[in-house]
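*Asks:* What follows is a single structure, and I will ask about it in a moment.
The values are calculated or read from the model by the stated rules, or taken from the named source; none is laboratory data. Remember, it's a predicted structure, so these values are computed and weren't measured experimentally. Counting neighbours? That spans all protein chains shown, and the Cβs are built from the backbone with ideal geometry, glycine included. The protein model used for the area step is the full one, side chains on, heavy atoms only, and it has no ligands, DNA or RNA in it. Shrake-Rupley method; radii C 1.70, N 1.55, O 1.52, S 1.80 Å.
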Amino acid sequence: MLCFSVGAFAAETPDELVKRTAEDVLAVVKNDKDIQAGDQQKIFALAEEKILPNFNFDRVSRLVLGKNWTKATTDQKSAFQAEFRTLLLRTYATALSKYKNQVIEYKPLRLENGANSATVKTIILQPGGQPIAVDYALEKQADVWKVYDIVIEGVSLVTNYRGQFTQEIRQNGLDSLIKKLADKNKVTQAK
C-alpha cells in the first residue's frame with residue numbers, strides 16, 4: 001500500500017501538485033485557530049512541511065545567483081542556499097498569515113507528452129479585492145515535479161531576487177549578501 005501511494009505522487013502532474021499543496025495548506029490554515037491568530041511558529045512549520053519540499057532549491061539558487069553561482073565556493077553555495085531557503089520560508093509564512101478566505105482558480109494545464117517543464121497558471125480571487133495572477137514554473141526531476149520560480153502579477157520571484165542580490169554582490173561581495181540574509185533571518189525568527 002505504501003509503495004502504491006508513493007507511486008501515485010510520482011505520477012502527479014504539475015497542476016495536481018500545485019492544487020494538492022494549496023488545498024492541503026489552506027485546509028490547515030482554515031482549521032487551525034493558532035495559525036489564524038498569527039502563531040508564527042505554527043505558520044513556519046506549516047510552510048516548512050507542506051510548501052518547501054515542492055521546491056528545487058538547487059535550481060532556484062543557481063537562477064537567483066546567476067553567474068555568481070559559478071564563482072561561489074562550495075561553502076558559499078551551501079550558506080547561501082540555507083539562508084535563501086529561510087528567506088523563502090519567511091516569505092511564505094507571511095503570505096499564509098494574511099490568508100482571509102481567498103479562493104484559488106486553476107487554469108487548464110497545457111502539457112506536451114514527455115515535457116520536463118510546465119507552467120501552472122492560477123488566479124487568486126480575493127473578497128472585495130482585485131484578482132492576483134500567480135504562475136508556478138516547474139520542472140520534472142526523476143518523475144517528480146518541483147517548483148523553481150513563481151511569477152506574481154508578471155513579476156518573477158527569481159528575477160526579482162536576482163536583481164536585488166546581484167547589486168549587493170557587485171557592491172560588497174557574496175559573503176556580505178549571505179551575512180545580510182542571515183542577519184535578516186535571525187531578526188525575523190526572534191519575533
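*Asks:* Taking the condition of being part of a loop (DSSP other than H, G, I, E, B) and open to solvent by less than 50 Å² (accessible area, probe 1.4 Å), how many residues in the range 126-166 meet it?
*Replies:* First, pick out the residues of the range 126-166 that are part of a loop (DSSP other than H, G, I, E, B): 126-131, 142-143, 153-154.
Subsequent filtering for residues that are open to solvent by less than 50 Å² (accessible area, probe 1.4 Å) retains 129.
Of the residues in the range 126-166, 1 are part of a loop (DSSP other than H, G, I, E, B) and open to solvent by less than 50 Å² (accessible area, probe 1.4 Å).
*Asks:* Right, next: Against the definition (crowded, with 18+ Cβ neighbours inside 10 Å and within 19 Å of ILE150 (Cα to Cα)), how does PHE80 come out, yes or no? Show your work before the answer.
*Replies:* Numbers: crowded, with 18+ Cβ neighbours inside 10 Å: yes; within 19 Å of ILE150 (Cα to Cα): no.
Considered against the rule, which asks whether it is crowded, with 18+ Cβ neighbours inside 10 Å and within 19 Å of ILE150 (Cα to Cα), PHE80 comes out as no.
*Asks:* Which of the following residues is open to solvent by 50 Å² or more (accessible area, probe 1.4 Å) and modelled with pLDDT of 90 or more: ASN68, ASN116, ASN101?
*Replies:* Details: ASN68 fails: open to solvent by 50 Å² or more (accessible area, probe 1.4 Å); ASN101 fails: modelled with pLDDT of 90 or more.
One residue alone meets the criteria, ASN116.
Conditions tested, residue by residue: (1) touching a Pro at 6+ places or on another chain (Cβ under 8 Å); (2) touching a residue at least 12 places away in the same chain (Cβ under 8 Å); (3) farther than 22 Å from PHE55 by Cα.
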| position | (1), (2), (3) |
| --- | --- |
| ILE150 | no, yes, no |
| VAL155 | no, no, no |
| PHE165 | no, yes, no |
| ASN172 | no, no, yes |
| LEU177 | no, yes, no |
| LYS180 | no, yes, yes |
| ASP183 | no, no, yes |
| VAL187 | no, no, yes |
